[in-house]
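Since the structure comes first, as C-alpha cells, the remarks are kept for the end.
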Amino acid sequence: MKGVCFEDIGKVSLRELPDPEISDSRDAIVRVTFSGLCGSDLHPFHGREQGLDPGTVMGHEFVGEIVAIGEGVNGFSIGDRVFAPFSTNCGDCYYCRTGLTSRCVSGQLFGWVQDGTGLNGCQSSLVRIPLADATLMKAPEGLSDEAALLLGDNFSTGFYCAQMAGIGGENWSDDSVAVVVGCGTVGQLGIVAARSLGAKQVVAVEPEPSRREAATALGAHGVTEQEARKLVNELTDGRGADVVMELVGIPAAQKTAYDLIRPGGVMSVIGCHCTPNFAFGPEDAYNKNLTYRTGRCPARHYMDKLTDRVASGEFNIDAFITHQFDSADCVEAYDVFANRKDGCVKAVFAW
C-alpha cells in the first residue's frame, strides 16, 4: 500500500508500505476512498507536538470500503462502506457506555506511533481498524463521502464544542452572545452547530479575510480580533461574551478567548494546546468566575447523534472541503493546507 508518512518537522513523504494485516480477531481492513488533513496533523508537522516516530502514517479522518474482517467482527461485512472517528473505542467500557468514547480504556488515536507503539493513520490506501464493531459506522444511503469524513472529526468536534459551551441550554437566551475564535473547518462547522442550537448572535474572530467572509455567510459576524472587542462590548453593554468557543490551540487564541469572555462565562476549548502553560493564570480565572471546559471530542458518540441528520439534508456540510489532492501530491497538499494557500480551509486525499 501507499501512505503519507511523517519524516521530520515540516516534512512528509509518500512511502510504499506493507499492506496492513488482521492482527486481532476484532480487526477490519478498509480500502480508503478519502482521507482528510486536519489541523491536528499540523501540530507534529510544525513541531508543536513532539514524539511522533518518523515513518508513521499520518491522518485520522477517512471513509472507505471494508476489504477484510477478523472472525470476531460481527456487525460488518466485506464491501460495506464505512467511516470512523479519529480514535478507536471498544463500546463496552465505562467511558464508552456513558458517551465519552474518546476516553475508551482500550482506545488508540489513528496516526500516532511513538517509540514503536501506537496506531498508524489513514492517509493511506489501506488502514487497519482495531475494535471494528464499535469503532466503525456504516455510511447510510444519501451520505456523501465528503460528509462522512467530516462527521468522523470536524463536524462532530464543532458540535461538541458548541454543546460544551452550553449554547441552547437552560441558561441560554435570545440575547446571549457566543464568540468563535478560529474559523478553519472546525470553527466554521462550530458556527453551524452554534446557530442550530439557538445562538442568534455569533461573533467569529479570524485574521484571514476569506475565512471571515465564510463565517459571515454562515450567519456570524466575521471580524478581526480588534473589531471583536468593540463588537462584543456593543452587543453586551460592555459585559463580554457569554461563551467563547476556542478552536485554535495556541496561546494567542487562548488569551483572546479570555479577554472577550464576561465574568461567569463559559470557555469551551477544543483547540489542542501543546504548550505547558496557560495564557492566563489561576487568579485570572478566579477573578472572572470562569468555567473552563476542554477535552477530546467523543466523536463516535456524536456520529450516532448527527449522521442521520446530515444524511437527511438538515446539514449540508460537503462544501466545507475546499481542496482535493492525489496522494502523490502529499508534499504540496501539506504546504497548501499548513500555509492556507489558495484559500484552503479543508483538504482531502483521494485514493
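The values are calculated or read from the model by the stated rules, or taken from the named source; none is laboratory data. As the structure is a computational prediction, the values presented were derived from the model and not from experiment. Neighbour counts are summed over all protein chains in view; Cβ atoms, including those assigned to glycine, are modelled from backbone coordinates with ideal geometry. Heads up: the accessible areas ignore ligands, DNA and RNA and are worked out on the full protein's heavy atoms, side chains in. Shrake-Rupley method; radii C 1.70, N 1.55, O 1.52, S 1.80 Å.
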Requested in this report: Quickly run through the stretch 319-328 and pick out the residues that are surrounded by fewer than 14 Cβ atoms within 10 Å (Cβ to Cβ) and either of a type in the set (Gly, Ala, Ser) or part of a helix (DSSP H, G or I) (or both).
Outcome: Ala319, Ala328
Query raised in the report: Do we have any residue at all in the stretch 163-185 that's open to solvent by 10 Å² or more (accessible area, probe 1.4 Å), assigned to a helix (DSSP H, G or I) and out of contact with any Gly (no Cβ under 9 Å at 6 or more places or on another chain)?
Result: no
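Rundown of residues vs (1) closer than 16 Å to Gly3 by Cβ; (2) among the hydrophobic types (A, V, I, L, M, F, W, C), yes/no style:
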{"site": "Gly39", "(1), (2)": "no, no"}
{"site": "Pro44", "(1), (2)": "yes, no"}
{"site": "Glu49", "(1), (2)": "no, no"}
{"site": "Gly55", "(1), (2)": "yes, no"}
{"site": "Gly64", "(1), (2)": "yes, no"}
{"site": "Ile69", "(1), (2)": "no, yes"}
{"site": "Ile78", "(1), (2)": "no, yes"}
{"site": "Cys93", "(1), (2)": "no, yes"}
Query raised in the report: Has the stretch 295-305 got any residue that is free of Cβ contacts under 8 Å to residues at least 12 places away in the same chain, part of a helix (DSSP H, G or I) and among the hydroxyl-bearing types (Ser, Thr, Tyr)?
Result: no
Query raised in the report: Can you pull out the helices (runs of 4 or more DSSP H) entirely within the stretch 72-158 that have at least 2 residues that are basic (Lys, Arg) and buried (at least 24 other Cβ atoms within 10 Å of the Cβ)?
Result: none
Requested in this report: Select from the stretch 89-118 the residues that are under 15 Å from the mean Cα position of the chain (by Cα) and not aliphatic (A, V, I, L, M) and write down the one among them that is farthest from Leu37 (Cα to Cα).
Outcome: Thr101
Requested in this report: Would you point out the residue of the stretch 196-218, among those that are small (Gly, Ala, Ser) and closer than 17 Å to Val345 by Cβ, that is surrounded by the most Cβ atoms within 10 Å (Cβ to Cβ)?
Outcome: Ala204
Query - Scan of the stretch 108-167 for residues that are of a type in the set (Gly, Ala, Ser), touching a Leu at 6+ places or on another chain (Cβ under 6 Å) and under 16 Å from Ser40 (Cα atoms), ordered by number - result: Gly158
Report summary line: Checked the stretch 233-271 for anything among the hydrophobic types (A, V, I, L, M, F, W, C), part of a helix (DSSP H, G or I), touching a residue at least 40 places away in the same chain (Cβ under 8 Å) and more than 19 Å from Gly168 (Cα to Cα); matches are Ala253, Ala257, Leu260
Query raised in the report: For Ser23, are the conditions met, namely being part of a strand (DSSP E or B), open to solvent by 10 Å² or more (accessible area, probe 1.4 Å) and under 20 Å from Gly116 (Cα atoms)?
Result: no
